[in-house]
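A.B. asks: Supplied in structure tokens, the structure appears directly below.
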Amino acid sequence: MTFQIAVNGINRSVDVDGDTPLLWVLRDVLGMTGTKFGCGAALCGACTVHIDGVATRSCITPIDSIGDSQVTTIEAIGATSAGARIQRAWLDREVPQCGYCQSGQIMSAAALLANNPHPTDTDIDDAMSGNICRCGTYLRIREAIKKAAQSTGQGG
Amino acid sequence: MIRDRNVQARDLDQTGSASNLSRRRLLQAGAAAGGGLMLSLSLPFVGRHSEALAADEFAPNAFIRIGSDGRIVLTMPYVEMGQGTYTSVPMLIAEELEVDLKQVQLEHAPPNEKLYANPLLGVQATGNSNAMRGAWKPLREAGATARTMLVAAAAERWSVDAKSCRAQNGEVVHAPTGRRLGYGELAAAAATMPVPASVALKAPSEFKLIGTPAKRLDLPAKVNGTAVYGIDVRPPGVKIATLAQSPVFGGRVKSLDDTAATAVKGVRQIVRLDDAVAVVADHMGSAKKGLAALRIEWDDGPHAKLTTADVARELEQVTLASGAVAQNIGDAEKALAGAATKIEATYQVPFLAHATMEPMNCTVHVRQDGCEIWVGTQALARVQASAAKTLGLPLEKVAVHNHLIGGGFGRRLDVDGVVRAVEIAQRVDGPVKVVWTRADDIQHDMYRPNWFDRISAGLDTKGIPVAWSHRFAGSSVVARWAPPFFKNGLDADSTEGAVDLVYALPSMHVEYVRVEPPGIPTAFWRSVGPSHNVFVVESFMDELAAAAKQDPVAYRLALLDKTPRAKAVLALAAEKAGWGQPLRERIGRGVSLQHVFATYLAVVAEVEVSEEGSVRVRRVVCAVDCGTAINPDTVQAQIQSAVIFGITAALHGQVTLKGGRVEQSNFHY
């Protein structure tokens, strides 16, 4: 069946079963491979996108649940203030190693910062604990989120 | 020495409780386009590469290509999987070539063992923690050779002595007259210059890049979604497949009913192999849905009743008899008999999964006259060879494109996933990307071996060790992966960390017994041998200190007079950790010291154990002496990474089998 979804501000039309997870629509149907597959069961966070600004695991989000909501992915998060600051802090602090989980980490962190400009360590742990990184970049992720929180939208 | 590189992971305070850790981690778990003048390392400086040349390009060796537009492309012989090689290797070349890192572009090397073999491994592979050790001299020589030829070209153009010219920032400068020419302007002429028989490398005091923290070149693409991993490739018309492999190692498909699966929208084809079934579809959503709809009956084969306890019991038994002697110093048996105190212990460590964040995947297009493969691999030439063998094709008919790796840890030194993808692609018209589910990735991993150790020591009346006897049993990964390197019952990996200890031990006897677990594949896993041996040796050193009623750090330091670098890292870690300073109840410190992979490293962990017995790592201090740190920030990142990888494995990691089946299946917490 055909679904209309808004991804990064663009309306897209896809013909898939209604229970198809958004992750595969993004990656395999629309060719937006920045969003990653890690576990398929909302256990690792690699597939995190924003749905109306809320960090959401796309691997368990069926396409027929999205409706008119706005989907934002790693490819466009730099256009938001919080996303741009997070990306800059990620580079400043040299966070990624293999980098595979970092799209999801950045999406979770950007959602956190957009809703909570000055997160505490506990806030950071709560927001980020569902995002696994096998390279163990957790220390730098926390440092980078704090750095992003201290920066301004322009540069920081 | 980089003694100042001790990493104080204080922030573990906030995340290090066992429950939090468990929530966060796996618990159980061409050459130049357009050609160029190419010389290889293996056949040094003997002639042109067979690729067609562009007249205005300069490619003095297999690693460097400079176009007339000034574009500098460096070909990376080692793969990037998070360890920073794609920055550290360019630093080596750029240092001698006299270019800024910002001026270079990177390309993945194609499969070519003659050009791109790791000199320390003899094969084109990235592993064993030795890319930088292998690259250190040849890649600086590659840069220096190119620089020398560019300078020679400029000197000829200006009719001056080359000695009066110098290279800097991608230009050759003639200081007396102030003339300068960019490398791009010199590229065509440089390609005609004689290749120097030898080149002078910079003295460390002249280094501008080496030893200075450099921004990683691979990171911008890793924060905006544009980095391309193997799983991201999309050749035109590609189909997506996922698969079910026999839940018991060595099992076979007995019967298959794919009626419901083929009815799933988007499912295009079912591929039945001997021991697996794949569902080929338009997208992974359809493939997984089709997979769930398959009705497969398996013939479990000979390992249907295997449990991890069976494997452990066998290892325990075989260590009662002697094995291959890995090291013998003095007469440990006699010294043990005469010791004032005798201490014995046994240890066992479990199978561990790699659980790379990027699940196993490989994209293959089998055509009538050849095969094209897209994958992220640590062993590119092995991928090519295994695909060629599977298809009965000559090597040159198999093109392999390497990609960024979403976690290697040794898993992608193996090519089982490539062979599997080729077998499926052989039966599919057009390119197919085979992506494993996480469950398959965990349950058909090739595991860090489990081991069983018996160890004993004798102390004199002062508590000083006079005898050390250690026998252990487990799988040899090397014996499978590189059979020629398993000799006389031994290999360097299985025993690393158990032999050549840093401590002064007047008598020592170490034996290894190779035992392969039935049906269970084992593989390299972020250090492999040392991940087991260091744990055993250092745990047992604590037992000796306790028996001698001495402080564990002081006890070790007293045995390190002949290994000053080991002593230095231990002393530094202890000092920075506040060793000896009082801690409140239920908090303690543990220490460990190792010399493996040519690096000295000491760790002090501050750990809290709750009334209920849960373990919380509060703080980890690590002192590292790895020699020259080419990119110090990468060294720090790697140590932070390894500490967390180690904590994860120590507190939570294990793969267990019941009824021949791996019990873990995902990042459960």
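A.B. asks: Which whole-number percent gives the relative contact order of segment A:2-72, counting Cα pairs below 8 Å spaced six or more residues apart?
C.D. replies: On the way: 130 pairs, mean separation 27.1, N = 71.
Relative contact order here is 38 percent.
A.B. asks: What is the fewest-to-most order of B:LEU601, B:LEU139, B:LEU336 by other Cβ atoms lying within 10 Å of their Cβ? Intermediate values should be presented prior to the final figure.
C.D. replies: Numbers: B:LEU601 23, B:LEU139 29, B:LEU336 20.
Ascending number of Cβ neighbours within 10 Å: B:LEU336, B:LEU601, B:LEU139.
A.B. asks: Please find the FRET efficiency linking B:ARG157 to B:ALA482, where r is the Cβ-Cβ separation and R0 is fixed at 51 Å, and quote it to the nearest 0.05.
C.D. replies: Details: r = 49 Å, r/R0 = 0.96.
Between B:ARG157 and B:ALA482 the formula returns 0.55.
A.B. asks: Please give every one of the lysines within straight-line cross-link reach of B:LYS137, meaning a C-alpha to C-alpha distance under 19 Å, and leave out same-chain neighbours fewer than 8 residues apart.
C.D. replies: By straight Cα distance, B:LYS137 reaches B:LYS114, B:LYS202, B:LYS208.
A.B. asks: Right, another one. Each label point is 7 Å from the Cα along the Cα-to-Cβ direction; what then is the distance between the points at B:LYS208 and B:ASN328, in nm?
C.D. replies: 5.7 nm
A.B. asks: I would also like to ask the following. Between B:ASN169 and B:GLN426, what is the FRET efficiency for a Förster distance of 35 Å, r being their Cβ-Cβ separation, to the nearest 0.05? Can you show the working numbers first?
C.D. replies: Numbers: r = 51 Å, r/R0 = 1.47.
After rounding to 0.05, the efficiency reads 0.10.
A.B. asks: Also: Using 7 Å Cα-to-Cβ label points, what is the B:SER198/B:ARG295 separation (nm, one decimal)?
C.D. replies: In this crude spin-label approximation the distance works out to 7.6 nm.
A.B. asks: Give me the log10 of I(q) over I(0) for the protein assembly as shown at q = 0.05, 0.07 Å⁻¹, as the Debye formula computes it from C-alpha points; what are the numbers?
C.D. replies: -0.29, -0.57
A.B. asks: List the residues of segment B:82-101 whose backbone N lies under 13 Å from a point placed 7 Å from the Cα of B:LYS215 along the Cα-to-Cβ direction.
C.D. replies: B:101
A.B. asks: A 20 angstrom limit on the alpha carbon distance is what I want to check against. Which of B:LYS289/B:LYS658; B:LYS239/B:LYS288; A:LYS146/B:LYS576; B:LYS342/B:LYS567 exceed it?
C.D. replies: Numbers: B:LYS289/B:LYS658 27 Å; B:LYS239/B:LYS288 13 Å; A:LYS146/B:LYS576 25 Å; B:LYS342/B:LYS567 26 Å.
Violating the 20 Å limit, Cα to Cα: B:LYS289/B:LYS658; A:LYS146/B:LYS576; B:LYS342/B:LYS567.
A.B. asks: P(r) tail for segment A:77-150, what percent of Cα pairs lie past 18 Å?
C.D. replies: Working: 684 of 2701 pairs.
Distances greater than 18 Å cover 25 percent of the Cα pairs.
A.B. asks: Given a cut-off of 37 Å, what percent of all Cα-Cα pairs of chain B lie beyond it?
C.D. replies: 45 percent
A.B. asks: Hey, how much of the P(r) for segment B:422-504 falls beyond 19 Å, as a percent of Cα pairs?
C.D. replies: 64 percent
A.B. asks: Let me ask you something else. To the nearest 0.05, what FRET efficiency results for A:GLN150 and B:THR461 with a Förster distance of 51 Å applied to their C-beta separation? Provide the component values of the computation, followed by the final result.
C.D. replies: On the way: r = 60 Å, r/R0 = 1.18.
So the FRET efficiency works out to roughly 0.25.
A.B. asks: Please compute the modelled spin-label separation between A:ASP123 and B:ARG584, points set 7 Å along Cα→Cβ, answer in nm with one decimal.
C.D. replies: 2.6 nm
A.B. asks: Would you mind calculating the gained length between B:LYS389 and B:ALA598 on full extension (0.36 nm times residue separation, minus the Cα-Cα distance), in nm to one decimal? Provide the component values of the computation, followed by the final result.
C.D. replies: Details: separation 209, 0.36 × 209 = 75.24 nm, distance 3.58 nm.
Gain on extension, B:LYS389 to B:ALA598, equals 71.7 nm.
A.B. asks: Net charge near B:TRP436, counting Lys/Arg +1 and Asp/Glu -1 over other residues with Cβ under 12 Å of its Cβ? Write out the running numbers ahead of the final one.
C.D. replies: Values: positive: B:LYS288, B:ARG411, B:ARG420, B:LYS433, B:ARG438; negative: B:GLU358, B:ASP416, B:ASP440, B:ASP441, B:ASP445.
Its environment carries a net charge of 0.
A.B. asks: While we're on this one: Can you quote the Å³ per residue value for the convex hull of the Cα atoms in chain A, rounded to an integer? Write down the numbers at each step before the final one.
C.D. replies: Details: hull volume 15.0 nm³, N = 156.
Looking at chain A, the number lands at 96 Å³ per residue.
A.B. asks: Moving to a separate point now. Report, as a whole number in µm² per second, the diffusion coefficient that Stokes-Einstein gives for segment A:2-72 at 25 °C and 0.890 mPa s using the Kirkwood radius over alpha carbon pairs. Walk me through the numbers on the way to the answer.
C.D. replies: On the way: Rh = 11.8 Å.
The diffusion coefficient I find is 208 µm²/s.
A.B. asks: Output the antiparallel fraction of DSSP beta bridges having both residues in the protein assembly as shown, as a percent to the nearest 5.
C.D. replies: On the way: 103 of 129 bridges.
Taking every DSSP beta bridge with both residues in the protein assembly as shown, the antiparallel ones total about 80 percent.
Values in this text are rule-based calculations from the coordinates and carry no lab data. As the structure is a computational prediction, the values presented were derived from the model and not from experiment. All Cβ positions, even for glycine, are placed from backbone atoms using ideal geometry, and neighbour counts span all protein chains on display.
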